[in-house]
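First comes the structure, then the notes that go with it.
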Amino acid sequence: MTEAIIQALQMLLAGDPTLWDIVGVSFRVSLVALTISLVPGLAIAALLAFARFPGRRLAVSLFNAMLSIPAVVVGLTFYLLLSRHGPLGEWRLLFTQTAMVAGQVALSLPILVAMIHTALQELDPRAWETTRTLGAGALRATLILLREVRFALLAAVIAAFGRIIAEVGSAMMLGGNILGYTRNITTAIALETSKGAYAQGIALGLVLLLLSFSLNAGLHWLQGRSRLQPEYLA
């Protein structure tokens with residue numbers, strides 16, 4: 001095992017092209033999925049927080065329940081839709097990065113909606129009415145309130161990104177683990193470990209750990225800056 005760890009570090013430091021191509025696929029697919037999910041997530045969360053309409057509580061409960069849906073179930077659902085005999089089979093999207101993005105959008109959207117909705121609910125109930133009374137339109141009022149919860153918003157983005165870049169079930173079923181095209185970090189770890197090739201799996205696992213620590217450290221730094229800001233302005 002010690003030898004495998006040494007080999008993993010050598011692969012990372014030497015810039016192994018196969019290894020970093022796998023990392024690139026993971027980041028590319030997950031960032032595209034997160035970007036697609038962000039605007040609808042913000043809009044739905046704001047609608048659930050500030051609007052009053054029949055079925056609102058049911059919608060909130062539905063998004064909260066979707067947080068616990070396993071990635072493999074999402075993958076199976078899209079697989080059935082996109083397979084040759086499925087209703088969307090003519091699109092020929094199965095085993096493509098587009099299919100992987102669709103699965104990750106379905107996984108990240110409930111996290112964004114649930115966490116941003118919770119953050120908006122914690123604002124003063126009069127904040128929305130106050131901004132509207134002062135002449136702000138609905139869009140501007142929403143942006144003002146989102147700025148007030150920007151760190152909770154950032155935490156939601158980090159949580160969603162961490163969820164989708166580390167999932168394996170949906171990526172495996174929808175991407176097919178094709179080398180150079182749909183093989184990402186998690187599917188490569190599963191494949192290489194099953195073959196007894198631990199070095200690449202350890203190297204990719206280290207990339208995921210470094211990513212996790214970096215994102216959380218950045219969030220804590222920004223929160224610290226926010227708490228110190230009033231002292232600088234005093």
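Read-outs throughout are calculated quantities, based only on the coordinates presented, and are distinct from any laboratory measurement. Bear in mind that the values here come from a model prediction, so they are computed numbers and not experimental data. Glycine gets a Cβ as well: all are built from the backbone with ideal geometry, and neighbour counts include every protein chain shown.
A quarter of the convex hull surface defined by the alpha-carbon atoms of the chain gives 17.0 nm² as the mean projection. Axis of helix 198-233 versus longest Cα principal axis of the chain: the two differ by about 20°, to the nearest ten degrees. Taking the longest Cα principal axis of the chain as reference, the axis of helix 71-82 is set at about 80 degrees.
Rounded to the nearest 0.05, what FRET efficiency is calculated for L209 and F151 with R0 set to 30 Å and r the Cβ-Cβ distance? The value I calculate is 0.80.
FRET efficiency for the S194 to T133 pair, using the beta carbon distance and R₀ = 45 Å, is estimated at 0.15. The listed peptides 161-169, 51-59, 128-136, 203-211, ordered by packing as a protection proxy, come out as 161-169, 203-211, 128-136, 51-59 (highest mean of other Cβ atoms within 10 Å first). What FRET efficiency would be calculated for the residue pair A65, Q10, taking the C-beta separation as r and a Förster radius of 41 Å, to the nearest 0.05? Efficiency for this residue pair is about 0.35. Charge tally around V105: other residues with Cβ under 13 Å, Lys/Arg +1 each, Asp/Glu -1 each, net 0. With the simple spin-label model, which puts each label point 7 Å out from Cα in the Cβ direction, the N216 to A51 separation comes to 3.6 nm. How tilted is helix 185-194 with respect to the longest principal axis of the chain? Cα atoms for both, answer in degrees (0 to 90, nearest 10). Computed tilt is about 30 degrees.
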